[in-house]
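Accompanying notes for the structure given below.
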Amino acid sequence: MNTRRISCCLIVCTVILYSAAVAASQYADYSRRPLSEMLEAYSRFETNLQAGSNYNVGAAAALMVAVGKKGGREVFPFLGEKALAPVTPAFVRAAAAEVYASLATGEECAAFLPEILKIGNQTVWTAGWRSSVLPACLHKIDDAIAKGELSDETLNLLVGKLL
């Protein structure tokens, strides 16, 4: 009788833990959700992040990538805002900046590059969260220069800001 009761309790606990794990991982796949629901989920993450919780930083970064893939150019201003917001955690900011750079034209990357270099320079290693964004932006700018898509005015402005 006692063994049967313990077995039953173990089965119930296993079912509860499995259900909790499924519910917790439900947010991992954002690709099937509509864009509006994804933005709403990010606002909840942002509220927690601003309250000082670092628990959902990885999920917020994954959501940022999913928003960029689902929304494309439609969410371009949103991505730029989150990438340049100093209150956004570096991991999330890097994800937003990477998606922004992947969607941007060479001219937009030329305007974006000096802006991201202003944020977070108080660390010893100045590349920091920008380590994957800088090459993407520079590659797009280089391609735009090679194709003649970047105006001389934009190029001079970029060089002036970087120097």
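The values are calculated or read from the model by the stated rules, or taken from the named source; none is laboratory data. Owing to the predicted nature of the structure, the values given are computational and were not obtained by experimental measurement. All Cβ positions, glycine included, derive from the backbone under ideal geometry; neighbour counts span all protein chains shown. Only protein heavy atoms, including side chains, enter the accessible area calculation; ligands, DNA and RNA are left aside. Shrake-Rupley method; radii C 1.70, N 1.55, O 1.52, S 1.80 Å.
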request  = Could you provide, to the nearest whole Å², the per residue accessible area of region 31-151 with probe 1.4 Å?
outcome  = 52
message = Taking θ = phi - 60°, what integer Hz values does the Karplus form 6.51 cos²θ - 1.76 cosθ + 1.60 yield along region 33-50, in sequence order, with x for Gly and Pro?
response = 8, x, 4, 4, 5, 5, 5, 5, 5, 5, 5, 5, 4, 4, 4, 5, 5, 6
note = Per the charge dipole of region 42-106 (beta-carbon charges, Lys/Arg positive, Asp/Glu negative, Cα centre), the residue among Ser43, Ala62, Ala83 reaching farthest to the positive end is Ala62
Lysines whose Cα lies under 28 Å from that of Lys69, excluding same-chain neighbours fewer than 8 positions away = Lys82, Lys118, Lys140, Lys147
note = Note, region 104-110: 3J(HN,Hα) by Karplus (6.51, -1.76, 1.60, θ = phi - 60°), whole Hz, Gly/Pro = x, goes 6, 7, x, 5, 5, 5, 5
inquiry  = Using the Karplus curve 6.51 cos²θ - 1.76 cosθ + 1.60 with θ = phi - 60°, what ³J(HN,Hα) values do you get for each residue of region 58-72, in whole Hz, with x for Gly and Pro?
reply    = x, 5, 5, 5, 5, 5, 4, 5, 5, 4, x, 5, 6, x, x
